[in-house]
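The values are calculated or read from the model by the stated rules, or taken from the named source; none is laboratory data. Note that the structure is a prediction, hence the values are computed from the model and not measured. Using ideal geometry, Cβ is built from the backbone for each residue, glycine included, and neighbour counts are taken over all protein chains shown. For accessibility, only protein heavy atoms count, side chains too; no ligands or nucleic acids. Shrake-Rupley method; radii C 1.70, N 1.55, O 1.52, S 1.80 Å.
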Amino acid sequence: MEKKFFEIEKTTESKARAGVITTDHGQVQTPIFMPVGTVASVKTVHQRELKEDIKAQIILGNTYHLYLRPKMDVMQEAGGLHKFMNWDLPILTDSGGYQVFSLSDTRKITEEGSKFKSHIDGSYHFISPEKSMEIQRQIGGDIFMAFDECTPYPCEYNQAKESMEMTHRWLKRCIKWCDENPEIYGHRQRLFPIVQGSTYSDLRKISAEFISEQNAEGNAIGGLSVGEPEDEMYRITNEVTDILPIEKPRYLMGVGTPWNILESIGLGVDMMDCVMPTRNARNGMLFTWQGVINIKNEKWKNDFSQLDEFGTSFVDREYSKAYVRHLFVSREYLAKQIASIHNLAFYLDLVRVARQHILAGDFYQWKDSVVPVLRHRL
């Protein structure tokens, strides 16, 4: 008998839950954080480090970027993204919708899809819902996202409503294309639709109900973490998870800080991703169980203690704060690599420990005690 795609192992007195996602490339224990591998690479980090040291269980690939480079002829000849980048664990691909949204000065969105200008060479391209599905088939992720339009924040009500309705129409086109075009690499791909509606509760309710009716194997919450206050993000997430099916995994896209992640888990979210741990790492910001460190600060100049005594990666044990600060001040590439490995390992440790507390039954007490510490600037 085929194993269920998602099984819940433990629920709490509120919404947090621990589960297991089963794909053809392995299992993912939830709640989970997914490192972002935009162009078939998590910036500055080897795949071996991702797997053995960071202990990533699933990573992201980016449809927009991979479509432009290396392009789909190379991807297909390689046998898909797993083989191309030598990663044999699960992969999730986004639809390209968010990247097109962020090209606000060089793109035009219509009912048919989105015309945009490449950031690489200025050439024009067009991605429709069908084209996004085709590209993601060729990339071959285990989970792939429906093509949607992401609205900015703030956003007028009517703009958010029209955008949401178009996202729903696009979803129907995505589903139709997937029904008519089978997988090409011999492993199962699962489509997740995306709830939109900006920060308007009534729109989010309509969208969450529409998405739930499509009976997909998992569902995503998009259009958050685009500039709205944290409280708004939590409010909308809570309202949407009230509606999305309990038995399906819920993916909150593009979130966030360590405290965002714990609060979102508490609101019933199972999967999250964000460029923050690597992007902030490259600027010298380290997340730890004691709080946030700006390793470039003068105060670490003569601190020869371990980079992070509670860290789980080899960089935490093998390098001192003073040494890593020196690398940053010297603009040495190794600094960014060390900091990225540290932050990603911390994020994966964070969700692993959160899962342990869900299983133990004391998640909310633990979360409320640890969040203020995580936010603290050292």
Here the gain from full extension of Thr312 to Arg48, 0.36 nm per residue of separation minus their alpha-carbon distance, amounts to 93.5 nm
Neighbour-limited loop hits for trypsin sites (Lys or Arg not before Pro), the range 106-191 (at most 15 other Cβ within 10 Å; DSSP other than H, G, I, E, B):
Arg188
How much of the accessible area of the chain, in percent, comes from carbon and sulfur atoms when a 1.4 Å probe is used?
49
Convert 37 °C to kelvin, take the viscosity as 0.692 mPa s, use the Kirkwood radius over C-alpha pairs of the range 101-245 as Rh, and evaluate the Stokes-Einstein diffusion coefficient in µm²/s, rounded to a whole number.
206
Note: the range 1-150 at 20 °C, 1.002 mPa s; Kirkwood Rh on alpha carbon pairs; Stokes-Einstein D in µm²/s works out to 129
If each part is reduced to its alpha-carbon centroid, the range 11-77 and the range 263-334 end up apart, in Å, by 21
Percentage of Cα-Cα pair distances in the chain greater than 29 Å, rounded to whole percent?
41
Where only alpha carbons of the range 263-378 are counted, the Rg and the Dmax (Å):
14.8, 47
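Using the heavy atoms of the protein chains alone and a 1.4 angstrom probe, what is the accessible area of the chain per residue in square angstrom?
Ligands and nucleic acids excluded, the result is 43 Å² per residue.
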Most positive-pole-ward Cα, Gly284, Asn238, Ser330, against dipole of the range 232-378 from beta carbon charges
Ser330
If the chain between Lys117 and Gln365 were fully extended at 0.36 nm per residue, the gain over the current Cα-Cα distance would be 84.4 nm
hull vol. (C-alpha, convex hull) per residue for the range 205-296, Å³ -> 101
Give the residue list of GluC sites (Glu not before Pro) in the range 19-90 that are DSSP loop and have at most 13 other beta-carbon atoms within 10 angstrom.
none
Read phi for every residue in the range 253-265 and hand back ³J(HN,Hα) as whole Hz from Karplus 6.51 cos²θ - 1.76 cosθ + 1.60, θ = phi - 60°, with x for Gly and Pro.
7, x, 10, x, 6, x, 6, 4, 5, 5, 5, 5, 4
Segment Glu180-Asn86, extension gain: residue separation times 0.36 nm, minus the distance between their alpha carbons:
30.9 nm
Only Cα pairs within less than 10 Å get springs; with that Gaussian network setup on the chain, which residue of Met85, Met285, Met133 has the largest fluctuation?
Met85
Across Ser264, Ser207, Ser305, the residue with the highest GNM fluctuation in the chain (Cα network, 10 Å cutoff) is Ser305
For Gly222, what charge total do you get from the other residues with a beta carbon under 14 Å from its beta carbon, if Lys and Arg give +1 and Asp and Glu give -1?
-3
Nonlocal amide H pairs with Val195, under 5 Å, H built at 1.01 Å:
Ala220, Ile221, Gly222
What list of ³J(HN,Hα) values in whole Hz, one per residue of the range 337-351 in order, does the Karplus curve 6.51 cos²θ - 1.76 cosθ + 1.60 (θ = phi - 60°) give from phi, with Gly and Pro shown as x?
5, 4, 5, 5, 4, 4, 4, 5, 4, 5, 4, 5, 5, 4, 6
Pairwise FRET efficiency - Glu162 versus Asp242, Cβ, R0 = 22 Å, nearest 0.05
0.35
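Restricting to DSSP loop positions (anything but H, G, I, E, B) with no more than 11 other Cβ atoms inside 10 Å of their own Cβ, which trypsin sites (Lys or Arg not before Pro) remain in the range 320-367?
Passing sites in the range 320-367 are Arg331.
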So, in Å, what gap is there between the alpha-carbon centers of the range 335-378 and the range 207-244?
23
Take the chain, connect every pair of alpha-carbon atoms lying under 10 Å apart with a spring to form a Gaussian network, then pick out the residue of Ile265, Ile293, Ile59 with the largest mean-square fluctuation.
Ile293
In units of 2.2 N^0.38 Å, what is the alpha-carbon radius of gyration of the range 184-256?
1.14
Can you give the calculated 222 nm mean residue ellipticity of the chain, where each DSSP H run of n ≥ 4 adds -39,500 (n - 2.57) and the sum is split over every residue, rounded to the nearest 500 deg cm²/dmol?
-13000 deg cm²/dmol
With θ set to phi - 60° and the Karplus curve 6.51 cos²θ - 1.76 cosθ + 1.60, what are the ³J(HN,Hα) couplings of the range 151-159 in order, to the nearest whole Hz, using x for Gly and Pro?
8, x, 10, x, 9, 4, 4, 5, 5
Exceeding the 30 Å Cα-Cα cut-off - candidates Lys248/Lys336; Lys55/Lys115; Lys205/Lys367; Lys10/Lys51:
Lys248/Lys336; Lys55/Lys115
